[in-house]
Structures are given as C-alpha cells and as structure tokens.
C-alpha cells in the first residue's frame with residue numbers, strides 16, 4: 001500500500017494552459033490539481049525556470065515553484081502573489 005504524502009488531494013484534469021516567464025510562453029497541459037499545486041505536462045522540461053507564472057484561461061496568473069521534474073512532466077507548488 002502506498003502512503004499518500006501530499007498535503008492536499010489531487011483531482012485529475014486535462015486543461016490547456018501556458019507557462020510564462022519573461023517574454024517566453026510555453027504551452028502545457030495541467031494533468032492534475034490540488035489546493036497547493038499541480039502536475040504539468042510539457043514538450044520538454046529543459047529551459048523552464050524554477051519559478052514562473054501558470055496562466056490558465058479564465059483565471060488570474062498563478063505564481064509557481066517547481067517541486068520536481070521528469071522528462072515531460074513537472075510538479076509545481078503554488079506560491080503567494
């Protein structure tokens with residue numbers, strides 16, 4: 001049995017969004033969300049900084065910090081604005 005270590009439960013999603021830093025915008029898909037963070041799918045994680053804004057249509061930009069990275073996925077923790 002796996003022990004759940006997350007602070008908040010995650011909900012599976014498939015939301016097209018954008019990672020924004022400086023003048024750069026990288027498309028991504030939000031694969032799951034919680035009150036404290038999200039898992040993002042991208043074409044590649046290289047070149048994406050540790051801190052950026054997650055832009056989801058219909059919502060205000062959310063400052064994020066990368067918690068972990070894999071080849072085409074990353075986990076982010078929401079930060080205070």
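Where a number appears in this text, it was derived from the coordinates with a stated rule and is not lab data. Quick caveat: nothing in here was measured; it's all calculated off a predicted structure. Here the Cβ is made from the backbone with ideal geometry for all residues, glycine too, and neighbour counts use every protein chain on show.
Rounded to the nearest whole angstrom, the semi-axes of the ellipsoid equivalent to the chain, taken from the Cα gyration tensor as √(5λ), stand at 20, 14, 12, largest first. Label sites at residue 13 and residue 80, each approximated as a point 7 angstrom past Cα along Cα to Cβ, lie 2.3 nm apart. Each label point was placed 7 Å from the Cα along the Cα-to-Cβ direction; for residue 55 and residue 73 their separation is 2.6 nm.
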